[in-house]
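To start, the structure itself, in structure tokens.
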């Protein structure tokens, strides 16, 4: 088990590097990150419980994706594709994140990472003076590494443990 995390970190750093460099990440890296995150989550939780967590997290991804599509449709009509705003790789990386957190922590991670990315990109756009596309999966891969590394340092924090929300699932 101790070898799984370093491999996961390497995969996450490679996703981040490729996304920052070319805004294009190898499908193999996304699939590896999904497999490793699933393995870690599955091995650290009761099997049925982990599956319940994933159903909730995937439902959250689906719900937010539907809301984004509706917003884009209302705002722009059929002129703009959903994938002009969110890359297919970003959606694949959402699966990795969903496999890495309990539902509440998943939502918190998503919101915090989106806010940090908006802030960082705002600063970079001000410095460069022009619009820079957002390497969403790249940023989130780095934030995921930070979340995993800080977990053992924070005694009251666990990526898969949340008393209130987990009580609703049992």
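Have a look at 94, 104 and point out the one that is within 24 Å of residue 16 (Cβ to Cβ), at pLDDT 85 or above and surrounded by 14 or more Cβ atoms within 10 Å (Cβ to Cβ).
94
Residue 24 passes all but one of (1) assigned to a loop (DSSP other than H, G, I, E, B); (2) surrounded by 14 or more Cβ atoms within 10 Å (Cβ to Cβ); which number fails?
(2)
With part of a helix (DSSP H, G or I), loosely packed, with under 14 Cβ neighbours inside 10 Å, on the phi < 0 side of the Ramachandran plot and out of contact with any strand residue (DSSP E or B) (no Cβ under 6 Å at 6 or more places or on another chain) as the only criterion, which of 143, 119 stands out?
Sole residue among the options that is part of a helix (DSSP H, G or I), loosely packed, with under 14 Cβ neighbours inside 10 Å, on the phi < 0 side of the Ramachandran plot and out of contact with any strand residue (DSSP E or B) (no Cβ under 6 Å at 6 or more places or on another chain): 119.
Quick one: count up the residues across the stretch 141-170 that are at pLDDT 75 or above, over 19 Å from residue 54 (Cβ atoms) and in contact with a helix residue (DSSP H, G or I) (Cβ under 8 Å, 6 or more places away or on another chain).
4
The values are calculated or read from the model by the stated rules, or taken from the named source; none is laboratory data. Please read all numbers here as calculations on a predicted model, not as lab measurements. So basically every Cβ, Gly included, is an ideal-geometry build from the backbone, and we count neighbours across all protein chains shown.
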